[in-house]
Amino acid sequence: MNEQKYKPQTAKVFASVVYVGVVLAATTLFISFVLTAFPTDAYLSRIVMGVAGLLIGASSIAFPVALHTWTIEKGHHAWTTVFYYGEILIMAVNTVVSFMTLLSKNTGYAAPEWAILYEPFSVGAIVYTLFAWGTVALLDPEHKRIQQSRQLKDDYEKEIAVQKMEFLKSVEGAQAVASAAASDIQAMLLEQRNGRKHFGIPEGVILAPAPFVKKEAALPLESLDDDKK
């Protein structure tokens with residue numbers, strides 16, 4: 001008897017379609033419930049809250065994807081799982097309350113008191129989604145590694161600065177400073193000596209060479225002949 005091959009792909013696709021369909025149904029109920037709090041002419045508020053409801057629904061789809069592909073580290077995975085089940089719990093309560101509220105408004109059904117008291121707090125799902133994904137991002141091991149790398153670099157630069165200060169206070173540091181100062185002074189004096197100019201001559205003016213003057217003898221030639229005689 002041939003054993004049937006293990007092919008879970010079809011079941012996975014079917015389960016994904018069912019999951020997305022349920023999320024879409026719960027999201028539709030929640031958006032319909034939230035929009036009853038706004039006047040019909042409050043177009044911006046209704047659009048923003050409609051988008052917010054869709055994002056909350058998308059969050060419940062993103063959590064399983066993150067658990068399978070992103071949150072692999074043990075602690076990161078555990079916290080993501082907790083936030084995922086917390087969101088599913090909030091979605092379940094909001095779905096039931098939304099249906100009760102819409103049912104009472106359209107059919108005259110008397111909603112229980114706890115559902116009426118809970119209605120104003122149902123929008124807390126928005127803040128919860130923000131908090132959950134923000135925490136998941138902060139707990140990312142890659143984020144921790146970046147923080148550790150930056151801290152290591154900062155500690156390294158601090159240690160280098162301390163070592164430099166200790167060297168300057170040592171005998172060798174004082175000798176190095178004196179040697180550098182002597183070299184700087186020598187270079188400064190050499191630059192000043194090579195750059196000297198005549199007093200009173202503006203900078204950039206080059207003096208013309210003095211004209212050639214023929215030097216004459218101090219005594220005329222006739223007087224020299226007389227002395228010889």
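Overview of results
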item: The lone exception for Gly53 - which of (1) touching a residue at least 24 places away in the same chain (Cβ under 8 Å); (2) within 30 Å of the chain's Cα centre (by Cα); (3) within 13 Å of Ala132 (Cα to Cα) it fails; result: (3)
item: Selected residue [in the same structural domain as Trp70 (by TED's automatic domain parsing) and at pLDDT below 85] from Gly108, Gly134; result: Gly108
item: Test: residue in region 140-147 that is over 25 Å from Trp70 (Cα atoms) and among the acidic types (Asp, Glu); result: no
item: Boolean, Ile88 is within 25 Å of Ala26 (Cβ to Cβ), at pLDDT 85 or above and in a helix (DSSP H, G or I); result: yes
item: Among (1) surrounded by 10 or more Cβ atoms within 10 Å (Cβ to Cβ); (2) modelled with pLDDT under 90 - the single one Lys5 does not satisfy; result: (1)
item: Residues of region 111-131 that turn out to be under 15 Å from Ile90 (Cα atoms) and among the charged types (D, E, K, R), as a count; result: 1
item: Extreme residue, surrounded by the fewest Cβ atoms within 10 Å (Cβ to Cβ), among residues of region 106-127 that are of a type in the set (Val, Ile, Thr) and without any contact (Cβ under 8 Å) to a residue 40 or more places away in the chain; result: Thr107
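The values are calculated or read from the model by the stated rules, or taken from the named source; none is laboratory data. Note that the structure is a prediction, hence the values are computed from the model and not measured. Positions of Cβ are backbone-derived with ideal geometry, glycine not excepted, and every protein chain shown enters the neighbour counts.
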